[in-house]
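Right, one structure below, let's go through it.
Readers should treat all values here as calculations from the given coordinates under stated rules, not as data from a laboratory. These figures come from a predicted structure and were not determined experimentally. All Cβ positions, even for glycine, are placed from backbone atoms using ideal geometry, and neighbour counts span all protein chains on display.
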């Protein structure tokens, strides 16, 4: 209810001080103020000082009332007080110029009452471009695309108010590709495309929906892009996985004498972390030093994460020690490095040191320390951390924490304990939790429980191929090829496509990508020749291909060929050809490493006398002298 006569709080009266509404005193004076409002001729009410003060200010000092109103609107945090302010303003200010009305509309929106804000906006007379821009911005920020576009139409066609650059940059963030393309055309037609903020907003819009070609074309039309422009185009390419292109823009930005800021460096580093690019991180580290950003904790934290995800945990540790006063995020990032490398005991020592230094852990810290325990088979320690998280640090377990605990129990073979934990959860388990249990069933060949869990996963997320693959793996291990085929047929009937596996390896400042059976590389003949040579040598010392994921009704030679051309193996052969013998071969995989590739890497580390590091979606595997750092516990 927006009008003062209908507002349920409008009969209340507000005592005004010289600078703001006295809302603190309101709850103590409502009764006397209400009597003053309803019966001003009552001698008792006229003797009330607050009433006399009110009449003086409202009748003789409207500027003071306006000042009080603005102050109160700014500090208001509840809808009842908002309505009291509204009632007062309607009665005594008659905001015909729209200025105070705009503020009140924004207040309703800030408190979450969009419909009330919309109604009040329509009641305001003499709306100008500031009013329209304000309401469009409100709708846009709340995700109300249709309301934003409707207001945009009305301001032009009903009120003949011409949109400006502020209108467009308020509207564009809420738009999809179709609406955004229309606004792009509108900006060109009406001479607003030259406004840099408009172009930057359009670039972000195109990038958000994956249209990086359109974003790039628009960026290239900007005569003098600013730092925001460069950061936007770099971020778009990072988000779409085009690391090399983002580096190109980064270098072009520096050549244009635009110096990177924290956002630039952190964005680039995140891209490097995603695929584990070590040498590029070194180059960026040098740039950080030259730019005077070497004391910036967020940047250094991201950099140490990049080193950890590039397989260089030692570099992460050295960098962490150089941070003078690491915050919780920095401590947690270092702990995460230990976790993904499977160094559970070191992660626990790091956590204990963090506590000794007086740094308070948060829910993310506990997620990583529980993950570290899970990867290192530290069941007792993991249970202890899970318990003290709530009892000592007053952090309520979240879904991520339960997922880590289910993974901890599942990996260690305590499948019933994992299932019991799920049943005791105070919230509904998500697909990550059921997936952790299914992985435990796969590791320990529990088909009955695996089938039960798979049904739940198919209901929760029927399009996730990983669940079908794990169940089919269970069946293949047990030799139940008929059930294996049924799962694959179910995938086909539901149009579920398995995510294509690919592996990345860095060489000579370039990133090389391999997929299964890949022959796109210019040195494919040499790569396959090296792979064939290596496969022969490891076969002589005991390696036997594991055909677990290949249909049994295929010819044996075909099955061996499919397994032998996995992306990890091709990347490994390429690394053996080009990488310095004294340096480890570092490979990043977009999926979990399969059992056969894991076994093969152990054999290769022996016959080639090389250190091989493979990072999959869960953790790092360091292969050396025929052993893996995971202890085959993955």
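Assorted remarks:
- Rounded if a/c under 1.5, otherwise prolate or oblate - segment 502-628, Cα gyration tensor axes: rounded
- Axis angle, to the nearest 10 degrees, between helix 99-110 and the longest C-alpha principal axis of the chain: 40 degrees.
- Take every pair of alpha-carbon atoms less than 8 Å apart whose residues are at least six positions apart; their mean separation over the length of segment 241-340 yields a relative contact order of 24 percent.
- Principal-axis analysis of the Cα atoms of the chain puts helix 243-255 at an angle of about 60° to the longest axis.
- Relative to one another, the C-alpha centroids of segment 131-160 and segment 276-328 are positioned 45 Å apart.
- When P(r) over Cα pairs in 10 Å bins from 0, in percent is computed from the coordinates, the matching label among (1) 3, 14, 20, 19, 13, 10, 8, 7, 4, 2, 0, 0; (2) 3, 12, 16, 19, 19, 14, 9, 5, 2, 1, 0, 0; (3) 3, 12, 21, 25, 21, 11, 4, 2, 1, 0, 0 is (2).
- Helix-only CD estimate at 222 nm, as mean residue ellipticity for the chain, using -39500 (n - 2.57) per DSSP H run (n ≥ 4): -20000 deg cm²/dmol
- Degrees between helix 379-391 axis and first principal axis of the chain (Cα, 0 to 90, nearest 10): 10 degrees
- At R0 = 60 Å, FRET efficiency that the Cβ-Cβ distance of residue 486 and residue 394 yields, to 0.05: 0.80
- Pairwise Cα distances in segment 74-214 exceed 28 Å in 24 percent of cases.
- Segment 405-498 shape via C-alpha gyration tensor axes, a/c threshold 1.5: oblate
- Peptides 374-385, 317-328 ranked from most to least packed give 374-385, 317-328, packing being the mean of other C-beta atoms within 10 angstrom over each peptide's residues.
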